[in-house]
Amino acid sequence: MDLKEHIRHVPDFPKPGILFYDITTLLRHPLGLKTAIERLAVPYVGAGIDAVVGIESRGFILGAAVAERIGAGFIPVRKPGKLPARAIKEVYDLEYGKDALEIHADAVEKGERVLIVDDVLATGGTAAATVQLVRKLGGELYGLAFLIELIALNGKSRLAGERVHSVLQY
């Protein structure tokens, strides 16, 4: 199945000059959703992953499904102030400013094997911040999986030395 056929391209979103790859059309398609999850999960079946960390918000959808498929638990990483219990924060640079992500302080146990899942690898900022959160808690990062990788933005460079799996590349 060609997953790219089910991804809508939205020009000038969220701002002029950006081409947004909208996966909601893929998620809506039953076989597309199933195929996307399978292709994200296959490299990790039997790898002994304890937990999948999904990055807000589409990473929640994909990450939870991958976790179920590989027999792991699921952990959300959110924007600041959204988690109900004590959390730790990682601040990262954007092109114009800073942003931050948080994870519950007790979400990952020392030595747990963790897979990070998100929808898009663009510049790599959110993924790199999530890697730092997992490591601060003592997790052993097994790898990162993305539905889409935007090659021209070179996000992999911020994840040097990590196992990175991308289902689709643009």
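Just so you know, all these numbers are worked out from the coordinates, no wet-lab data involved. No experiment lies behind these values; they were computed from the predicted model shown. Cβ atoms come from the backbone with ideal geometry, glycine included; neighbour counts cover every protein chain shown.
Annotations for the structure displayed:
- When the criteria are applied in full, residue 35 fails the requirement of being over 16 Å from the mean Cα position of the chain (by Cα), surrounded by fewer than 16 Cβ atoms within 10 Å (Cβ to Cβ) and either closer than 17 Å to residue 166 by Cβ or among the hydroxyl-bearing types (Ser, Thr, Tyr) (or both).
- Residue 103 in contact with a helix residue (DSSP H, G or I) (Cβ under 9 Å, 6 or more places away or on another chain), buried (at least 16 other Cβ atoms within 10 Å of the Cβ), touching a residue at least 60 places away in the same chain (Cβ under 8 Å) and under 17 Å from residue 63 (Cα atoms): no
- Cβ pairs under 7 Å, 6+ apart, first in region 115-134 and more than 15 Å from residue 102 (Cβ to Cβ), second of a type outside the set (Gly, Ala, Ser) and part of a loop (DSSP other than H, G, I, E, B): 115/49; 119/23; 120/150; 121/150; 122/150
- Qualifying residue in region 107-114 (condition: touching a Phe, Trp or Tyr at 6+ places or on another chain (Cβ under 9 Å) and within 28 Å of residue 9 (Cα to Cα)): no
- The lone exception for residue 98 - which of (1) exposed (fewer than 12 other Cβ atoms within 10 Å of the Cβ); (2) in a loop (DSSP other than H, G, I, E, B) it fails: (2)
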